[in-house]
1. Can you find, among 318, 393, 329, the residue sitting farthest towards the positive end of the charge dipole of the chain, where Lys and Arg contribute +1 and Asp and Glu -1 at Cβ?
2. Counting only DSSP beta bridges with both residues in the chain, what percent are antiparallel, rounded to the nearest 5?
3. Cut-off 10 angstrom, C-alpha nodes, Gaussian network model of the chain. Which of 254, 333, 279 fluctuates the most?
4. Of the listed peptides 103-110, 372-379, what is their order by residue-averaged count of other C-beta atoms within 10 Å, with the highest listed first?
5. Spin-label point model (7 Å from Cα, Cβ direction): what's the residue 113 to residue 49 distance in nm?
6. Please give the contour-minus-distance gain from residue 165 to residue 389: 0.36 nm per residue of separation, less the Cα-Cα distance, rounded to one decimal in nm.
7. Would you calculate, for the chain, the mean residue ellipticity at 222 nm contributed by helices, counting each DSSP H stretch of 4 or more residues as -39,500 (n - 2.57) and dividing by all residues, to the nearest 500?
8. Summarise the long-distance tail of P(r) for the stretch 132-236 by giving the % of C-alpha pairs beyond 16 Å.
Amino acid sequence: MTNLNRLVLRGGAVFDGTGSEPYAADVVVEGRQIVAIGQGIEVGPADAVVDVAGCTVLPGMFDCHVHVLGIEPRLLDRLNEPFSYQFYNAAANLRRLVECGITSARDCAGADLGVKQAIESGVIAGPRLQISITALSQTGGHMDGMTPSSNWVVPYYVPHPGRPDSIADGVTNVRKVVRQSLRAGADFVKVLATHSGSARSEKTRFNLAELAAIGEEAAAQGVAVATHAYGSGPVKDALRTGSRSIEHVADLDDEAIELFLETGAWLVPTLSLYRPHLDGDGPAEQRDRIGHQSDSRVDPRAKAELAFASFRRAHEAGVRIAMGTDFGNRCGDNLAELSAMELGGMTPTQALLAATSSAAGLLGVADERGTLEVGKAADLVVVSGGVSALGTLRERIRRVYQDGTLTFESTGAASAAEPAGRR
Ligand SMILES: [Zn+2]
């Protein structure tokens, strides 16, 4: 018998992430893996049994779009932040991700290889992380800090030896920046096809030849491309040149939806970005938050309504959707995206699948994670009650396991500031 050190989560329900409705079952973990799921499993004296009656066990969740180094929204604060602060701040954001049940995340610019290695070696707590390190941008684009005043203002992430400069124009240059980011340890390539702001903020954008070169270079190295795009034009260009996912997306026409379906690409809607504007956050607040070069002529509420409508149409058409928030210092509040997706037309089950098995598919780890099945890694979240009330899911998280190790345990009070159990 090799029952030593088994962990048995007994007496609860299981939401396994495969699309099945929750069912009553025990979950048995040995080492880093799930070794059994079912009822009436025999328990030995050496087994560590945890009573999860009244709880649901679900797969560790994914956030496919975070910026764990944070994005300080106010320009003056950004200018006064000491360079190394971002890394210490990342440790806090990463811990908060684990505490809200996010055990896998994709950092879409900011985190460098040191951050990822610090998690992997156990120096800091955090989800399993995929990193792009930087995000390719054209001159005048999202990472270009030159302003109309001719003052250069700190872009989101200052280049440093572990995070190469990401402004590139022309086929040769974009290839070089892709290679530099891969040399620095990137797991995937992040592209800012246009500026931020709106479906109309497309004064500069990568052309088809540049996007094709980026796609070709990434494919040659076997890595995926994630493209930030708002309007249908750049969305379609990115899909035609091999992007595996499109981030944010405010506006989709029928042809763009068709291209999603044809290519099997994922939409990462980041609806949490738009949701405050539905509730009346105006252009001034938005300008304040973004800090520079945002387009104050665009009504954020109209843009948010467009984004939600596009999400609904994409979902109804059957486009693959993976959860992502775009959160930096809001890490910890990531499950708000589940409710936003529900508001956008998903059922609670569909929203949870976007945060588990569908997201695992996007990140290329579906054979290891994203569902609760025998042989899968034991990334588990235990919540009290069921999983259909998404709005209270965060406060009902009782335990989080990563690869079979307990990394967060709530003491029961519904507080976001519970001390975490550490490996
Ligand atoms: Zn982002």
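Here, each number is a calculation from the coordinates, and none is a lab measurement. Bear in mind the structure is a predicted one, so any value in this text is a computation, not a measurement. Glycine gets a Cβ as well: all are built from the backbone with ideal geometry, and neighbour counts include every protein chain shown.
1. Of 318, 393, 329, it is 329.
2. Numbers: 28 of 58 bridges.
Antiparallel bridges make up about 50 percent of those DSSP assigns within the chain.
3. Judging by the Gaussian network model, the answer is 279.
4. Details: 103-110: 28.1, 372-379: 19.9.
Order by mean packing, descending: 103-110, 372-379.
5. For the pair residue 113/residue 49, the computed spacing is 4.8 nm.
6. Working: separation 224, 0.36 × 224 = 80.64 nm, distance 4.32 nm.
The span from residue 165 to residue 389 would gain 76.3 nm if fully extended.
7. Numbers: 13 runs with 129 residues, N = 423.
Rounded to the nearest 500, the figure is -9000 deg cm²/dmol.
8. Of all Cα-Cα distances in the stretch 132-236, 54 percent exceed 16 Å.
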